[in-house]
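S.K.: First the structure, which I've put down as structure tokens, then a few questions once you've had a look.
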Amino acid sequence: MPAALRTAGDGRGLMKKKVIAGLALSALLVWLSIRGIEFRGVIDGFRTIRCGYVLLAVAAMLLMQLLRSIRWGFILRPIGKVDQLSLFSVTSVGFLAIIAIPARLGELARPYLIAKKSRIPMSSALGTIFVERVLDGLTVLIMAVLALFFTPLPPWLVRSSILFLLVMLGLAAVMIFMIVRREATLRILAPLIGRLPMRYAGAVNRLIDHFIEGFRIVVDPALLFFATLLSIVIWLVDVVAIYLLFLAFDLHLPVAAAFVLMIILIIGIAIPTAPGFIGNWHYFCILGLGLFGIPKTDALTFAIIYHALSIGIVILLGLIFLPFNRFSVSDLRRQTGS
């Protein structure tokens, strides 16, 4: 069998294993979420929701999506300017892809689509997504540290937050080194690239160079400041949305509880499971609310509505803009060679 076909087959086999593992984990977390639940209590909880607060929470979630697209524009600006409508359109479809396509392959949708709409290379756009993830990680983890001053956190969450913070700081340091010392980075990677066949080595070298180009915002203090400020606002809006849902369910919890729930959910949905974060969203939401004495039945009711609203908004926006941003899973697979 030719090496290229064998590699492609191995890639598809690995993806199938990841999908199966994700589905199995989702099923386990769904079972853990509903175990011991009185479903009549869940139904009764739906009937007591105050819709006015739900509508305000939905508005906050929509604002988050808009702010994400604006921030991405700042991160992209050093390598190419993209109009705001295109940014919001691609962001909406990209987030739909993330929740709909298993094995995190959907993460490639935004770079792929923005490359089609501009002169920005896909690998450079992928570098900007890396910047975005590091900004999000650092922002949320700094919020976790601040939350310690207002509410005690369980030891496992403190340890997890510290570990993630160290990882994010390490990634930020690597990112800064790669853009500031680009030639040195390419020299360090040269022995690895040199092991590839000659016809591939040049292309890989260019891809890495373009990927590093996506980090250029880190050497632009003004743009980095605005992107960081937007990151803070985005996650504060998320806290507001969660707190509004507390009010919708008449949960008498402090604002700090919304911070803690947000942090726990971010950790939970980082685990690769079934599309749409089914299972992990609900389990970790129940876990977070349980820290504040909310009964499991009430917590599951909250988790179902919060998940439905969050995913529903992503699906709605994605479907609205999907006709203008066509792509297929096979398109994304070709980008990874899988």
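S.K.: Placing +1 on the Cβ of each Lys and Arg and -1 on the Cβ of each Asp and Glu in the chain, which of 265, 67, 121 has its Cα farthest towards the positive end of the resulting dipole?
M.R.: Projecting each Cα onto the dipole axis, the largest value belongs to 121.
S.K.: Have a look at 205, 325, 280 and tell me which one the Gaussian network model of the chain (Cα, springs below 10 Å) gives the largest fluctuation.
M.R.: Fluctuation is largest for 205.
S.K.: Also: Using the Karplus curve 6.51 cos²θ - 1.76 cosθ + 1.60 with θ = phi - 60°, work out ³J(HN,Hα) for each residue of region 111-128 in order, rounded to whole Hz, and write x for Gly and Pro.
M.R.: My calculation for region 111-128 gives x, 4, 6, 5, 5, 6, 9, 8, 8, 6, x, 4, 5, 5, 4, 5, x, 5 Hz in order.
S.K.: Follow-up. Taking the Cβ of each residue in 82, 131 as the centre, tally the other Cβ atoms inside 10 Å and list the residues starting with the fewest.
M.R.: The fewest-first ordering by Cβ neighbours comes to 82, 131.
S.K.: Under 8 Å for C-alpha pairs, at least 6 residues apart: give me the relative contact order for the chain, rounded to a whole percent.
M.R.: 35 percent.
S.K.: In the Gaussian network model of the chain, springs joining C-alpha atoms below 10 Å, which of 91, 128, 228 carries the largest mean-square fluctuation?
M.R.: 228
S.K.: A further question on this structure: Summing +1 for each Lys or Arg and -1 for each Asp or Glu, what net charge is found among the other residues whose Cβ lies under 11 Å from the Cβ of residue 45?
M.R.: Result for the local shell: -2.
S.K.: For residue 117, list the lysines whose Cα falls under 23 Å from its own Cα; do not include residues on the same chain fewer than 8 positions away.
M.R.: Within the straight-line limit of under 23 Å, residue 117 reaches these lysines: 81.
Bear in mind these aren't lab numbers, they're just calculated from the coordinates by the rules spelled out. Since the model is a prediction, treat every value here as computed from it, not as a measurement. Using ideal geometry, Cβ is built from the backbone for each residue, glycine included, and neighbour counts are taken over all protein chains shown.
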